[in-house]
Each structure stands twice: as structure tokens, then as C-alpha cells.
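Right, one structure below, let's go through it.
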Amino acid sequence: MADADLDVVIVGGGHNGLVAAAYLARAGLRVRLLERLPQIGGATISAQVFDGVDVRLSRYSYLVSLLPPRILEDLGAGVRLARRPYSSYTPDPGTSGRTGLLIGSPHSFAAIGAAVGRAPLPLPLPTGLLKLASCADRLMRRDRAKLTPDRVAYMVHPDWVADPAKAPPAALWQPRIALREGMADAARWYRAQGLL
């Protein structure tokens, strides 16, 4: 297709560019998508995030929980989201990773506590209190705030669950490494890097 035959040129083949291109093409427009990287997908792709660790992870997989179902329906995308029994751990760079924020079930707290040799302190916090704490953190630390409103929004999103009863069926997904073993391996790696 020659450039003169195009209706729209989209620069950037990340998830937003792909969705825009799909909507425009479905509307009958002639679309060209340009991407400087060797692959399209942006935040949706998996990558090797730790040097020397042969594991590919999604850096931004939490964003998929914010994907409006209407886009999937409109585009006929065959994406099925599965809930998981635990959420996330974010190391605090201010303490060189010795402390952080863990969102998850008591089971995940126990596994991390066993891995690092300390008893965790799980605090069930209601959404309103988390939102208030994010405002206070912003007031006190300004642009260095750790608990920002956007982090609170994804921490309390309904697709983040820590209820073992809502775990995906065993036929759909089974971990290859037990939680305690994985947390112990992760703690060893963090210790070796001087982060724990």
C-alpha cells in the first residue's frame, strides 16, 4: 500500500497503538502502524528483566487488569483473564530493598517471612484508608512518594484478589515452583545482590 493510499499512520506499536489501529481498521480506514522496536506489543510483551537470570517476565502485567472488557468485546479479542491468589511485592528503594509493600494473602506473607527470616506484619487496610495514606505520603514526600494514588488504584482493583477460593482451576494453571521455594530463591538472589 502506497503512503498516499493511507488514511491514518499510527506511530508506536504498543498496546494503545495496537488497539487504536484495530478500531480504525474495523471502521474501514486504511491504517499503517509504525514501531521502532523489532517487536510490537509495548507493555504487553515479556522480557528478561534481571541480568543473568534466564526468566522472561511481563514488566507491566498488572495493567491487563485495567483493560476495559468492552475493548475485548469490540475487537473480538480472545483474551481470558485469570485471577491469582496473591498480588505483588514492591521493594522500597529508600531502604535498599530491606523493606517494601506486600499485597497478598496470609499464605504469601508467610512464604516471604520464611524466605527472609523475619515475621511479616500483615495489615488489612480498607480502600479509603489506603487512599488517605497516599494523600499523606504525597504531602510529606512530595515527588518521592511511594504510595501514590495510581498505585492504590491498581492495588484495590477488583481483579486483584487474595482469596484462595478464587484461584484459577488447576487445569488452567499450576505453578512449577512452590511459593515457599520461589520466595526462598528470590530472597537468596536479593541477598546476593546486597538488597536484603
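The values are calculated or read from the model by the stated rules, or taken from the named source; none is laboratory data. Predicted, not measured: the structure shown is a model, and the values here were computed from it. Heads up, the Cβs are rebuilt from the backbone with ideal geometry, glycines too, and the neighbour counts pull from every protein chain shown.
Table: residues versus (1) exposed (fewer than 11 other Cβ atoms within 10 Å of the Cβ); (2) under 25 Å from L67 (Cβ atoms); (3) at pLDDT below 70; (4) over 21 Å from the mean Cα position of the chain (by Cα).
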position: A111; (1), (2), (3), (4): no, no, no, no
position: L130; (1), (2), (3), (4): no, yes, no, no
position: T148; (1), (2), (3), (4): no, yes, no, no
position: V152; (1), (2), (3), (4): no, yes, no, no
position: H157; (1), (2), (3), (4): no, yes, yes, no
position: P168; (1), (2), (3), (4): no, yes, yes, no
position: R188; (1), (2), (3), (4): no, no, no, yes
Practice problem: For the range 56-67, state whether one or more residues are surrounded by 14 or more Cβ atoms within 10 Å (Cβ to Cβ) and at pLDDT 65 or above. | Solution: yes
Self-check item: Test: residue in the range 21-39 that is at pLDDT below 80 and outside any helix (DSSP H, G or I)
Solution: no
Practice problem: Just give me the residues in the range 177-196 being in contact with a Gly (Cβ under 7 Å, 6 or more places away or on another chain) and among the hydrophobic types (A, V, I, L, M, F, W, C), in sequence order. | Solution: L195, L196
Exercise. Would you be able to say whether some residue in the range 40-51 is surrounded by 14 or more Cβ atoms within 10 Å (Cβ to Cβ), modelled with pLDDT under 95, part of a strand (DSSP E or B) and touching a strand residue (DSSP E or B) at 6+ places or on another chain (Cβ under 9 Å)?
Key: yes
